[in-house]
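Undergrad: First, the structure itself, so that you have it in front of you.
The values are calculated or read from the model by the stated rules, or taken from the named source; none is laboratory data. Fair warning: this is a prediction, and the values are worked out from it, not measured in the lab. Don't worry about glycine lacking a Cβ; one is built from the backbone with ideal geometry, like all the others, and counts go over all protein chains shown.
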Amino acid sequence: MTIVDSSVWIDFFNGVDNVPTRKLKALLNDNSAGIGDLIITETLQGFNNDRDYKTAISLLSMIEYHTLSNRSLAIKSADNYRRLRKKGITIRKTQDIVIATYCIEHQLPLLQNDRDFEHIASELDLILL
């Protein structure tokens, strides 16, 4: 199972052809793509067209779902954020450190197209696909 970040889903739904979207297509064919609550929100909030929005919900509803946080993971996410800040790395979006922490704690690879995850992986045990 690979968690797929909104940065890839957004490109996918916009018809972008790049390495991450090609990897996503392969994961979809293998039924090995996973998605989380925060990722669903980030992905869906950008749709303007109601029909496309409903189509996206239909597709995303078929993907293995993960609840990305709880009290323990929230604290670990804050710890990871602080650890990175002490090394001079600032993660721009809170949800990215939450997603990364979930993947680290569950030893799940993350398919992404966002430089913040590259910074996180350089210092923490985040596996990037």
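Undergrad: Quickly run through segment 103-116 and pick out the residues that are touching a residue at least 60 places away in the same chain (Cβ under 8 Å) and either surrounded by fewer than 23 Cβ atoms within 10 Å (Cβ to Cβ) or over 10 Å from the mean Cα position of the chain (by Cα) (or both).
TA: Matches in segment 103-116: LEU108, PRO109, ASN113, ASP114.
Undergrad: How many residues does segment 32-64 hold that are of a type in the set (Phe, Trp, Tyr) and loosely packed, with under 14 Cβ neighbours inside 10 Å?
TA: 0
Undergrad: Now for a separate question. I need the strands (runs of 3 or more DSSP E) fully contained in segment 1-72, keeping only those with at least 1 residues that are free of Cβ contacts under 8 Å to residues at least 40 places away in the same chain and of a type outside the set (Gly, Ala, Ser).
TA: Because the criterion is at least 1 residues that are free of Cβ contacts under 8 Å to residues at least 40 places away in the same chain and of a type outside the set (Gly, Ala, Ser), the strands (runs of 3 or more DSSP E) in segment 1-72 that meet it are 33-36, 64-66.
Undergrad: Test of understanding: among ASP79, ASP37, ASP11, ASP50, which residue is modelled with pLDDT of 95 or more and touching a helix residue (DSSP H, G or I) at 6+ places or on another chain (Cβ under 6 Å)?
TA: ASP11
Undergrad: Go through ARG85, ARG92 for me and flag whichever is in contact (Cβ under 8 Å) with a residue 24 or more places away in the chain and of a type outside the set (Gly, Ala, Ser).
TA: Exactly one of ARG85, ARG92 is in contact (Cβ under 8 Å) with a residue 24 or more places away in the chain and of a type outside the set (Gly, Ala, Ser), namely ARG92.
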